1. Out of segment 328-372, which residues are under 14 Å from residue 313 (Cα atoms) and aromatic (Phe, Trp, Tyr)?
2. Quick check on segment 241-251. Is at least one of its residues farther than 30 Å from residue 532 by Cβ and not in a strand (DSSP E or B)?
3. Counting residues that are in the same structural domain as residue 540 (by TED's automatic domain parsing), which strands (runs of 3 or more DSSP E) fully inside segment 346-462 reach at least 2?
4. Could you check segment 344-391 and list, in sequence order, the residues that are aromatic (Phe, Trp, Tyr), in contact with a Lys or Arg (Cβ under 8 Å, 6 or more places away or on another chain) and farther than 19 Å from residue 201 by Cα?
5. Between a residue in segment 316-328 that is within 19 Å of residue 219 (Cβ to Cβ) and any residue that is surrounded by fewer than 21 Cβ atoms within 10 Å (Cβ to Cβ) and of a type in the set (S, T, N, Q), which pairs come within a Cβ distance under 8 Å, given they are 6 or more apart or on different chains?
6. Please go through segment 322-347 and pick out each residue that is at pLDDT below 90, crowded, with 21+ Cβ neighbours inside 10 Å and touching a strand residue (DSSP E or B) at 6+ places or on another chain (Cβ under 9 Å).
7. Exactly one condition in (1) under 30 Å from residue 411 (Cα atoms); (2) surrounded by fewer than 21 Cβ atoms within 10 Å (Cβ to Cβ) is false for residue 184; which is it?
8. Just give me the residues in segment 183-225 being over 20 Å from residue 384 (Cβ atoms) and among the acidic types (Asp, Glu), in sequence order.
Amino acid sequence: MQLLKTGAFVRAARSARITVPKAPVPVPACVRPRLVQSRWSSSQATAEVPRPFPEQSVEISREVDPTKTAPESKDEPDQEHLKQKLKELAHGKKAVNGHLAGVNILGNPYIFDATTNVPDSILQLVGRNLYRSPDHPIAITKALIESCFPKPTYNHFTVADPVVTTHENFDVLGFPKDHPGRSRTDTYYVNTTHLLRTHTSAHQHAAFQSLVNDEAKGYTVCADVYRRDSIDKSHFPVFHQMEGARVWDLPVSADSRYEAQLRRKEIIEKDVYNLPTTRLAVKDPVTNFHKGSNAAQPEHDVEEVKLVVAHLMRSLEYLVNGVFEASREMMPPWQRDKMGPLHARWIEAYFPFTSPSFELEVLWNGEWLELLGCGVVQQPILNNAGLKNSIGWAWGVGIERIAMLLFGIPDIRLFWSQDKRFLQQFKCGHIKKFEPFSKYPECYKDIAFWINSSPAAASPIGVESSSGVAAAAGGDARKASPAETQPAAFHENDIMEVVRDVAGSLVEDVQLVDEFLHPTTGRKSLCYRINYRSLERTLTNEEVNDLHSQVAAKMKSLFNIELR
């Protein structure tokens, strides 16, 4: 579950704890996962869904009924005509006829409608599945994380098809209808009912169902996720997430529920005791869950919640310790000894999926870095998955954030590079610091334009971006309403999308450098600076000028702006 803050931090007093030293966690040897395919209907997502995760490293694909996505209008084609268009889509063709257009995504046809906003540049990245390439940094990082949650307690899943229903991505997880993450400014919609998943939690319901009557009591899920976002060295519209969970059932042998719960407390306490210790110097939050914004849920016993939280924190400390100890192995011995233990701290947080909830930060190169979010799973989520008598925790993390720290990779675009000078630096089962193969010159170009007065025209100048780990399903309170099929006016993510479509990975970042509100007309002027720079070659002036002209022309045609 991707669990990251959607509100302000709740800072609390903390007491220090130093754990017992332990040898570094070895990096596991990579084995190409065996992929077992199980087909299931998205219409069964919250009903009697067959368990889709029978094997380790399972991949799910979906059968969809695209005819359900066609707009109901007397102006639309009849059903026979629609079926013919679907056949064309099934062969990879776009079908366009008046109101109708569509696309084939990984073998499944979809009909576009007024909500569609996914561009070809994003669709071209679907199916790359970097976690499948054993020598890729994403795959190596994934294997390292999985090694911290071993079988048979945990199963490990992958999900190749990124198209999910809005119900799976938002509704089943309790996202309110007005949540900003639902907005078209944040999310890539295939049509009104289907989208490119914004988090791995879209598969959480099925993953929890896989634990019903199963030997495993936990899981991890890895998948690519999609967000409309800014352009800079730490953000890319496609990235990878992992989430994990662990549950404890009530023992069936007990004579009463009270006795069963006492036994479960003993089991959880024993599981906490058996977890390995680490070299982390950790600060814990106050674990008073009786009241306040981060309280235990009404259905839960507070003392049992404390045990679940202790198991959660110890498990994630072990994960973080493993990642950073692997990173330290790249350093000279004298430098490692001088650094001492890694410092980490727990911070209370808020997520819609968990309560109580926490974030884990580590002190790295003199700065506190937010790595992941976690918490005790909201009981209705477990109940809906058939785990009514269970209690559990969940966490979520962005793989790119971990891999950039682990390998010293400075630009997120490099993960998608097919340049051998990048790919040949890494080998399955080894952690190696990235060696830059060149620094090609940058070329700045400004684009300034007038827009009509409207809310959320741009992010304020001087406001730094987040720590690089995306929120649960995106979301920015300044963004357009999710109910709007077309934003009222220009939004900052619009220029990001145009730049991506025109220049792709040839742009390093896009920043708002000036804004001005005319005192008489009320019109706003914005100026964005686009930094064109290739990771693999030197761009020519003619090439950059042509790209910039295309950006300006597309902005003018799409958003009714007046160029300055």
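1. Answer for segment 328-372, where residues must be under 14 Å from residue 313 (Cα atoms) and aromatic (Phe, Trp, Tyr): 346, 358.
2. Yes.
3. Strands (runs of 3 or more DSSP E) meeting the threshold: 443-451.
4. Passing the criteria: 346, 368.
5. Taking only residues 6 or more apart or on different chains, the pairs are 322/147.
6. Hits for segment 322-347 are 323, 324, 342.
7. (2)
8. 186, 215, 224
The values are calculated or read from the model by the stated rules, or taken from the named source; none is laboratory data. Computed from a predicted model, the values in this text were never measured in an experiment. Quick reminder, even Gly has a Cβ in these numbers, built from the backbone with ideal geometry, and neighbours come from all protein chains shown.
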